[in-house]
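Reading through the structure tokens given below for one structure.
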Amino acid sequence: MTDRSLASLSPMGGVFINYRRGEHSGVVDDLDEELARHFGRGQVFLDRPSLLPGQRFADALAERVGDCDALIAVIHPGWADVRHPSGGRGSAELDSPGGRRMEGLDSSGGRWLGDPDSSGARRLDDPEDWVRREIEWALAGGKFVLPVLLDGARMPTAAELPGSLRALAGLNAPRLREAHWSADLAVVIAALEDRVRPDWQPVEAPEERGARLGGRWLGALTAVVAAAVLVGVPLLPQDDDWVGTDVLPYTLTAALMCCLLLCAPLVAVAAVRVGRRSVDDLERELHAVRHRTYIRRTWPIGLGLVLVGVYGALRGDLGMVQALVLLLVLSVAVARAAVADLRLRRRDDDLWARWPHRLPDRVHRAVLRRAVARLHLRLDRMTAPLSREQREKADWELGDIAAAVDRVAAEARRTRTAWLRQDHPWQFAAYVVWLALITALAAASGRAFADAGEGTVRRYVTLAVVVVVGVLLALGTLEIAYRYQRRQRRELVRQVVVFREALAVRVAAMSRPARTKPTAPARRPEEYAEPE
């Protein structure tokens, strides 16, 4: 492995490869590389590439066997009958797998160097044999032990094994043959997937693109603009041409138009509030599909609006300059929409292939619903029993969804002030400036009436009523919008909690142990396209 220190701190030890060095060492190296490619380099331990210079060999092996999730016992032809070399003390001094002599014992043979009684004896009968000791530790620790038979090897019988290793004879052993390498390797990996956790980390949520100006700066800017409007508008020069006619001062006409414009958002919010059920149902269905499917379902609305605008422009007898401006605006809008479409398609593909993604702190309804739908689609394409990687990722995503639901529930309990400050700071600032403009225009109109000698209590009261109406329209719009968003969030929480509980039950049911031998590794999201 590349970083032994990190691996030693990890609670997940991965796969430990137990083998005896010999002519089959190349096969073991290939097995190590394939397992590392599937589970991650940090999750596979093979003595030679995984030991750090200066590390105590005995301590490292004991630590990694005790830490591992599964131990592969590589059994080659004649594995049970390998013997110590005969010839006395000197010829017994063999190098360790790391190329160093290890404190009087041979780590690949597992015998005490220089012990004349062990010369020519069977290595498995030596209590200090490292192949034996590693398997003993794994069996005693309740580890998952997988014997793998190389070409020409057979599984030793219980009578051929020391008493501490006889449990090994009762284990089903897959074969790893050179002529059928890919198929046999797939069986080995599939057998390990239920026990071994591959290296993975959740993909962090993208940084939220907040407003360039917000918080205190936005509040200060709003206060300055509102004050400038309140002071500057009443000082605008006005003539007296309207006196004695049915025409109102232009400031009063502007104030009435501002109040009338305030009716538009009120009507829009009220309409959405009245049709809440149908709008919510439509949103829920559209949020569960991919972006490209969403576009296919909703593009007629945008096209209809564009056609209406073009028709109105043509009927208005616009000149060439105005037509060119309209064409430029539409071209920019189409270009931006195309760029957004490509970006969101790439985002969809990334969310599917790199799993799981952490949900943002401020999660939108569409993002949360889409996360639930995506997990549902993944489970549809997984086969039971789930691998350990699939189980852990699904459980992690369920936990992340639960945390996001808690955040949405907390947002539903926010005060009106917190809701405006966090969700709609610019809209609130626009309303403040808009109301300041209405107040300033009403004050300018009162000043015009006074200068023309037409100031009466009725007129001043009417101007005050105009201001009050504007304030009530703004407050009514904000109140309806606040109640609607609160109801939306509560409904979202209720829906997602139900869906999440159903998914949790499904994951638990699909995680039950297999009744048949797995023959292939579990498919990963990048291996098949996300359905529409």
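The values are calculated or read from the model by the stated rules, or taken from the named source; none is laboratory data. Bear in mind that the values here come from a model prediction, so they are computed numbers and not experimental data. We place every Cβ from the backbone using ideal geometry, glycine too, and count neighbours over all the protein chains shown. Heavy atoms of the whole protein, side chains included, go into the accessibility calculation; ligands, DNA and RNA do not. Shrake-Rupley method; radii C 1.70, N 1.55, O 1.52, S 1.80 Å.
Listed values, structure above:
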| quantity | calculated |
| --- | --- |
| Every residue from the stretch 359-385 that is under 26 Å from P513 (Cα atoms) and open to solvent by 30 Å² or more (accessible area, probe 1.4 Å) | H376, L377, D380, R381, T383, A384, P385 |
| Residue list for the stretch 193-205, restricted to those being open to solvent by 60 Å² or more (accessible area, probe 1.4 Å), in contact (Cβ under 8 Å) with a residue 60 or more places away in the chain and more than 16 Å from L35 (Cα to Cα) | E204 |
| Which listed residue is touching a residue at least 24 places away in the same chain (Cβ under 8 Å), open to solvent by 20 Å² or more (accessible area, probe 1.4 Å) and closer than 18 Å to P198 by Cα, from R388, R407 | R388 |
| Long-range neighbours under 9 Å by Cβ, at least six apart or interchain, first residue of a type in the set (V, I, T) within the stretch 221-249, second modelled with pLDDT under 75 | V247/D241 |
| Filter result for the condition that a residue is modelled with pLDDT of 90 or more, part of a loop (DSSP other than H, G, I, E, B), more than 30 Å from D361 (Cβ to Cβ) and open to solvent by less than 80 Å² (accessible area, probe 1.4 Å), over A173, A183, A169, A190 | A173 |
| Extreme residue, nearest to D67 (Cα to Cα), among residues of the stretch 141-155 that are surrounded by fewer than 20 Cβ atoms within 10 Å (Cβ to Cβ) and of a type outside the set (A, V, I, L, M, F, W, C) | G141 |
| Pair list, Cβ < 7 Å and 6+ apart or interchain, from the stretch 461-474 residues that are part of a helix (DSSP H, G or I) to residues that are open to solvent by 30 Å² or more (accessible area, probe 1.4 Å) | V466/L256; V467/T439; G470/L435; V471/L435; L473/C263; L473/L266; A474/Y431; A474/L435 |
| Per-region count, the stretch 406-460, residues modelled with pLDDT of 90 or more, under 22 Å from D239 (Cα atoms) and not in a helix (DSSP H, G or I) | 0 |
| Out of L463, L473, L478, sole residue that is over 30 Å from D380 (Cα atoms), touching a Gly at 6+ places or on another chain (Cβ under 7 Å) and open to solvent by less than 50 Å² (accessible area, probe 1.4 Å) | L463 |
| Exclusive hit being touching a strand residue (DSSP E or B) at 6+ places or on another chain (Cβ under 8 Å), at pLDDT 70 or above and among the hydrophobic types (A, V, I, L, M, F, W, C), set V269, V243, V224, V203 | V203 |
| All positions within the stretch 429-451 that are free of Cβ contacts under 8 Å to residues at least 24 places away in the same chain and open to solvent by 50 Å² or more (accessible area, probe 1.4 Å) | A430, A450 |
| Check on Q238, at pLDDT 85 or above and part of a loop (DSSP other than H, G, I, E, B) | no |
| Residue among E501, E454, E530 that is more than 30 Å from L230 (Cβ to Cβ) and surrounded by 14 or more Cβ atoms within 10 Å (Cβ to Cβ) | E530 |
